[in-house]
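**Q** Sharing a structure with you now.
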Amino acid sequence: MIQTDKDAYLSGIERVLISGGEIQQEIRKAGKWIDMSYAGKPLLLVSILKGAFIFLADLCRAVTIPCEVGFMQVQSYFAGTVSSGSVDILLDLQQDISQYHVLIVEDIIDTGRTLSLVAEKLRSRKPLSLKILTLLDKPERREADLRPDYALFTIPDVFVIGYGLDCGEYYRNLPDIAVYRT
Ligand code: PRP
């Protein structure tokens, strides 16, 4: 639904969970981890749209080694269990990933179902390696057997918005990560 009422929009923000400043501090550490882990290796940072677009933009600027970026957009369907899920690729990478060490850059891992299907698809393309880095990890909600290689923040089971994460396509442009008032 298209929203134009600013007061109603702002009333959706319950409280700040992680400030923009805290995010940037952890991004600097994550950038160093990437620099150390991938020095001398062909690196491709893969972002899953739309949620991770702001995070990738900041993260890649904290990386000082050569790297490429790529984008995917997917639509997932689930009927009950993880194994019965499938994912359609709406936007695919341009690169032949068999030439690269691939680091998936996600905004949030919730049930983990979407990312486990995406990771499976990417693994079938035989990258030199495949790892997952996520801004937010919500392990309480996990259904798929998926663990990130690097998580900047572990959060409780609350609905979060901001810094790329949306509710009905709004709030992605908030500089902080906030709890949505349900
Ligand atoms: C969100 C998020 C992850 C996924 C995590 O994307 O960006 O990709 O959900 O959920 P899961 O771990 O339970 O599978 P969403 O489908 O909201 O699309 P968006 O990135 O375009 O906001």
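**Q** Given a cut-off of 23 Å, what percent of all Cα-Cα pairs of the chain lie beyond it?
**A** In whole percent, the long-distance tail amounts to 43.
**Q** Remind me, relative contact order of the chain in percent, using alpha carbon pairs under 8 angstrom and six or more residues apart?
**A** Working: 339 pairs, mean separation 44.4, N = 182.
Dividing the mean separation by the residue count of the chain yields 24 percent.
**Q** Here is a follow-up. On the accessible surface of segment 24-182, probed at 1.4 Å, how many percent belong to carbon and sulfur atoms? If you can, show how the numbers build up before the last one.
**A** Values: 3820 of 7750 Å².
Using a 1.4 Å probe with all protein chains present, segment 24-182 comes out at 49 percent carbon and sulfur.
**Q** Same structure, new question: How high is the relative contact order of segment 13-117, in percent, with contacts defined as C-alpha pairs under 8 Å that are six or more residues apart? Write out the running numbers ahead of the final one.
**A** Details: 130 pairs, mean separation 31.3, N = 105.
Relative contact order comes out at 30 percent.
**Q** Let me check something: with ligands and nucleic acids excluded, how do THR134, THR154 order by accessible area (1.4 Å probe), largest to smallest?
**A** Numbers: THR134 0, THR154 100 Å².
Result, largest first: THR154, THR134.
**Q** Continuing with the same structure: Along its three principal axes, how long is segment 104-182 when you only count alpha carbons? Whole Å, largest extent first please.
**A** If we take the Cα atoms of segment 104-182, the spans are 41, 24, 22 Å.
**Q** Based only on the alpha carbon positions, what is the Kirkwood hydrodynamic radius of segment 6-96, in angstrom?
**A** On the way: mean 1/r = 0.0625 Å⁻¹.
The Cα-based Kirkwood calculation yields 16.0 Å.
**Q** While we're on this one: Using only protein heavy atoms and a 1.4 Å probe, report how much of LEU59 is accessible, in Å² to the nearest 10.
**A** 0 Å²
**Q** I want the local charge near ILE108. Using Cβ-Cβ distances under 9 Å, sum +1 for each Lys or Arg and -1 for each Asp or Glu among the other residues.
**A** -3
**Q** Give the lysines reachable from LYS126 as a straight Cα distance under 21 Å; neighbours fewer than 8 places away on the same chain don't count.
**A** LYS41
**Q** What's the magnitude of the charge dipole for segment 118-162 around its Cα centre, counting Lys and Arg as +1 and Asp and Glu as -1 at the beta-carbon? Answer in Debye, nearest 20. Intermediate values should be presented prior to the final figure.
**A** On the way: 9 positive and 7 negative charges, 70 e Å.
My answer is approximately 340 debye.
**Q** Taking only protein heavy atoms into account and a 1.4 Å probe, give the accessible area per residue of the chain in Å².
**A** Numbers: 9430 Å² over 182 residues.
Normalised by residue count, the accessible surface of the chain is 52 Å².
**Q** So what's the net charge close to SER11: Lys and Arg +1, Asp and Glu -1, counting the other residues with Cβ under 11 Å from its Cβ?
**A** Numbers: positive: LYS6, ARG181; negative: ASP5, ASP7, GLU14.
Result for the neighbourhood of SER11: -1.
The values are calculated or read from the model by the stated rules, or taken from the named source; none is laboratory data. From a predicted model like this one, the values you see are computed outputs, not experimental measurements. Because the Cβ atoms are built from the backbone with ideal geometry, glycine has one as well, and the counts that use them run over all protein chains shown. What goes into the accessible areas is simple: the full protein's heavy atoms, side chains included, and nothing from ligands, DNA or RNA. Shrake-Rupley method; radii C 1.70, N 1.55, O 1.52, S 1.80 Å.
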